[in-house]
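Asker: Got a structure for you, written out below as C-alpha cells; questions coming shortly.
What follows is calculated from the coordinates using simple rules that are stated; it is not laboratory data. The structure presented is a predicted model; accordingly, all values stated were derived computationally and were not measured. Positions of Cβ are backbone-derived with ideal geometry, glycine not excepted, and every protein chain shown enters the neighbour counts.
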Amino acid sequence: MSFIGKFLFHIAATAVVFWAIETYVLPGQFSVVGQHWWAYGVVAFIFGLLNFWIKPLVKLAMLPINIITLGFASLAINGILLFMMQYGLQMYDVYGVTLSVEGILSYLIAGAILGVAHTVVHWIS
C-alpha cells in the first residue's frame, strides 16, 4: 500500500473506531458532535496529527511515571491526547465539530480502545 493509501486507511479506521466508541462502548459519555458524517473524519484526522506530533512528547514527559508504574501509565497517554483534542476542538471551532467526553474513566476506556485499534490497524497495513 502506498503512503497516501495507508494514511487514508488509518484515518478511515480511526473514524470507525470513534463511531463505535460513541455508539456501542460509551453511549452518552462520549460523543462526536458535528452536522455531517465527516465529523468523525475530522476528529480522526486531528487525532492522527496529535499522535504524530504530540504523542512522542507526552511519552517522553511521562517516562518517569511510566517506569515507576511498570508501563501502566502508558494506558493514559491516549486519554491525555483525547483531552487535548477535546480542548482544541472547543477552542478553535474546526468546521463546527466538537468532542464531548464525560469523566476520567471515559477518557481511559476510549484511550485504551483507540490504542488496541491502532495496534490492529498497524498489523493490517
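Asker: Touching a strand residue (DSSP E or B) at 6+ places or on another chain (Cβ under 9 Å) and either part of a helix (DSSP H, G or I) or touching a residue at least 60 places away in the same chain (Cβ under 8 Å) (or both): does that describe residue 11?
Answerer: The answer is no for residue 11.
Asker: If you take just the helices (runs of 4 or more DSSP H) that sit entirely in segment 29-114, which of them hold at least 3 residues that are buried (at least 19 other Cβ atoms within 10 Å of the Cβ)?
Answerer: Result: 39-53, 76-92.
Asker: Which numbered condition in (1) surrounded by 14 or more Cβ atoms within 10 Å (Cβ to Cβ); (2) within 17 Å of residue 121 (Cβ to Cβ) is the only one that residue 3 fails?
Answerer: Of (1) surrounded by 14 or more Cβ atoms within 10 Å (Cβ to Cβ); (2) within 17 Å of residue 121 (Cβ to Cβ), only one is false for residue 3: (1).
Asker: Pairs under 6 Å by beta carbon, first residue over 18 Å from residue 93 (Cα atoms) in segment 21-33, partner loosely packed, with under 14 Cβ neighbours inside 10 Å, six or more apart or different chains?
Answerer: Qualifying pairs under 6 Å: 29/102.
Asker: Okay, next question. For segment 115-125, name all the residues that are crowded, with 17+ Cβ neighbours inside 10 Å and aliphatic (A, V, I, L, M).
Answerer: 117, 121
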